[in-house]
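The values are calculated or read from the model by the stated rules, or taken from the named source; none is laboratory data. Small disclaimer: the values here were computed from a predicted structure and weren't measured. Please note: Cβ atoms are built from the backbone with ideal geometry, for glycine as well, and neighbour counts cover all protein chains shown.
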Amino acid sequence: MKPNTQLLHSVWDNYNKLFSDSDICLKRIKLDELIASIFSNGPFYFYIVDFFDMEIKYMSPLVKDIHGLDPKNTSFQAILDQIHPDDMPFVARAESSACNFMYNILGEEKSKKYKISYCFRFLTSDGSYQLFNHQAIILSTDENGRVAKSLNIHTNISHLTSENNYRVSAIGMKGEPSYLNIGMAENEPFLPVIPPLFSKREIEVIRLMSEGLTNTVIAETLFIANNTVKNHRKNILRKAGCKNLGQLITKCITEGLI
């Protein structure tokens, strides 16, 4: 274990009451549907980590393209070792804020309805460090409501921005309200809960816009009028305070708006 990753492990040790101390079987889940609910605009991979033994239970083959790691033999520690050493203090604070949020704010009943999102630099297969967006969803808990397994998604967003805003967001996925920029400063209270910035339909439009589809194709895909798509685009940009699609996608990812 590299010395800089010990800081991150110490955070999880401090919140050991949050994590299961037994091996919990993961019920059959539809990973494709979960991944489809995650907003990604760039090369990405995902994996399932078990916090009981800190081992990876499934690793996406795409980790080889992104990190140059063997998906069949990649450990959780190997993933952590790819984090830029200078970003590790932020990642540790982000994880501490996320644990505090789940333990003290959400509780067992709602923890699976949220995803945690923040950004940091990762070592890539070409030897350079690039900015990635990290998203995490709790997949299973034990009989005491403690976290057992988590789905983590890492998306390379360096083509959108190279600047980290050092924010952590907890985004409600099933109609739940969201928290933005949660408790990063020591003893900082959580910001008041905010309603989702975008409607379900607007999120659908954003996803299709991010794929470079025209208004006509988006209208055909969603079975709505072309003018309706134009109105959605205007409203989305206005709500986000963005002038163009590039700014919108960058803000959605780095600030965890969807």
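Quick notes on this structure:
- Residue within the stretch 134-149 that is of a type in the set (D, E, K, R), free of Cβ contacts under 8 Å to residues at least 40 places away in the same chain and surrounded by fewer than 18 Cβ atoms within 10 Å (Cβ to Cβ) present: yes
- Out of Ile171, Ile116, sole residue that is of a type in the set (A, V, I, L, M, F, W, C), within 19 Å of Ile249 (Cα to Cα) and modelled with pLDDT under 85: Ile171
- Entry remark, the stretch 217-251: residues being under 16 Å from Glu204 (Cβ atoms) and of a type in the set (Ser, Thr, Tyr) number 2 in total.
- Filtered residue count, the stretch 75-88, keeping only those that are touching a residue at least 24 places away in the same chain (Cβ under 8 Å), over 18 Å from Tyr129 (Cβ atoms) and of a type outside the set (Phe, Trp, Tyr): 1
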